[in-house]
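One structure below.
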Amino acid sequence: MVIYTPSCKQLGDPGFLIMQKVTGAATAVAEGRGKKRQEIITEQRKRPPHNIMNNKPTTFALIDCNNFFVSCERVFRPDLEGKPVVVLSSNDGCVVARSNEAKALRIPMGAPAFQWRPFFKTNGVVQFSANFELYGDLSRRITSILTRITPRTEVYSIDESFLDISTLDIADYTAWGGAVRQQVLQSVGVPVSIGVAPTKTLAKLGADYAKKKPDYGGVLDLASIPPAEREGHLANVPIEDVWGVGRRLAPRLKAEGIHTALGLSRMQPRWARQLIGLGGLQMVYELGGLSCHSLTPFHSPPKSIMRSRTFGEDTHDLPVLEAAIASLTARAAFEAYTSGVLAREAVLFITTSRHKPGYRAWNETVRFDLPTNDGGRLIRAMTDQLRAIYNPGQAYHRAGVTLYNLVSMASLQANLLDASHPAAHDASLGCMRAMEAINAKFGRGHLHYATEDLSRTWQPKQLLRSPRYVSRWDELPEAHTNNLA
Ligand SMILES: [Mg+2]
């Protein structure tokens, strides 16, 4: 029996080697040889995992942006510092990000905006429609700073990155974390919290802890502190706040009397495995300082690419639907092109509103003999499907396009194009390359497909969106210098 997760499979990965040793121990016990399983595991836990590059213990840092969407809005609106701010989801439906002041007013995550508007008004809560173009751009700027610190960086989400800092020469992790915070704040303007620890789970817990307790100055080092002090921190972390537990597993663990991260770290590994499977076993080891989750530093190609939207208002009109499908397909195609993949299958889906009687949903799949990421070809295929299922009697509410069964452009060129359609493939590629170059120079959407212009009324409502300060020439912030001598 071999215990590993896909993320632990990399050859030479410290987490993988350790899990193999533990597994070896389990096999030995099963065969009636060697020490008792628990003795061996305890012995393993005493020895920290080592980085194969320099034989130093593996050390991770998690860099987590504080209230990321709100912090991005504040970069260009410093007047909002110290004021309650919320960011709303697509179509301004519900709250998806809150400043600390908004949290203090007990505005819950997911609060429906229409119900809370009177409260926002009386309490001076500033609202924004989500401005993902701005957030994505600032996120990329932060990532570029982090990859300059070390290339061993894993972008975990739009506002969180893990760094493997084992190979860096750092004497004091707290001072190092403070310097990184300062660098990100000064270069981008977004405050971050940093956790440093021998495992990813502990690093995440450290960053959360540092965020909630201002005394730590935004950095918590769980790598160099004595075990008793680390356990003191774990004792203060509720079980549902542990990475991977969440609301789904927390009730099951609480029913077993485990209420904190410390309780989970002391759980018998075999019991954890029985109760919550391999993931549970890994949580126990990770909280105890044994690394099971390695860094996945390279951007792995996507398995599928989806673009979907809820319309600004329900529609019966075919041209409006065609424009929506064309626009979503073009975005998915561009994502495929920039990720270096081609789709063998594309799925169109379209639905009426779930909140109205007679909810209906349609899915139509198209398969391509020659895999493609050509926006024009995909739009033609998807709009053909749309016209086949369109019924003017329906009020359509939401639509989307998913590209599946993706193959890398490199492998297609090597294996499949020898005999078939090289000219068609080259023409598609040339077209996508030209579009990307023109839009990179003149701005996103400068060159687009004609079908996208049939209508813009489908687009989600974003009545409170801030300008896209850093990605649109016509929305750049203005500085007036009239009063300068
Ligand atoms: Mg965050």
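The values are calculated or read from the model by the stated rules, or taken from the named source; none is laboratory data. All of these numbers come straight from a predicted model, not from anything done at the bench. Cβ sites come from the backbone with ideal geometry, for glycine too, and all protein chains shown count toward neighbours.
Quick rundown of the values:
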quantity: 2 or more residues buried (at least 18 other Cβ atoms within 10 Å of the Cβ), under 21 Å from the mean Cα position of the chain (by Cα) and among the aliphatic types (A, V, I, L, M): qualifying strands (runs of 3 or more DSSP E) within segment 114-215; calculated: 192-197
quantity: Some residue of segment 250-266 being part of a loop (DSSP other than H, G, I, E, B), touching an Asp or Glu at 6+ places or on another chain (Cβ under 8 Å) and of a type outside the set (Ser, Thr, Tyr); calculated: no
quantity: Which numbered condition Leu88 misses (of (1) more than 16 Å from the ligand (Cβ to nearest atom); (2) surrounded by fewer than 21 Cβ atoms within 10 Å (Cβ to Cβ)); calculated: (2)
quantity: Matching residues in segment 350-380 - criterion: being surrounded by 18 or more Cβ atoms within 10 Å (Cβ to Cβ) and of a type outside the set (S, T, N, Q); calculated: Ile350, Trp362, Pro371, Asp374, Gly375, Gly376, Arg377, Leu378, Ile379
quantity: Subset of segment 190-209 [among the aliphatic types (A, V, I, L, M) and away from the ligand (no atom under 12 Å from the Cβ)]; calculated: Val196, Ala197, Leu202, Ala203, Leu205
quantity: Among (1) of a type in the set (Gly, Ala, Ser); (2) within 30 Å of Leu403 (Cβ to Cβ); (3) modelled with pLDDT under 90 - the single one Ser308 does not satisfy; calculated: (3)
quantity: Filtered residues of segment 382-414 (kept if closer than 18 Å to Ala336 by Cβ and not in a helix (DSSP H, G or I)); calculated: Gly400, Val401, Thr402, Leu403, Tyr404, Asn405, Leu406, Val407, Ser408
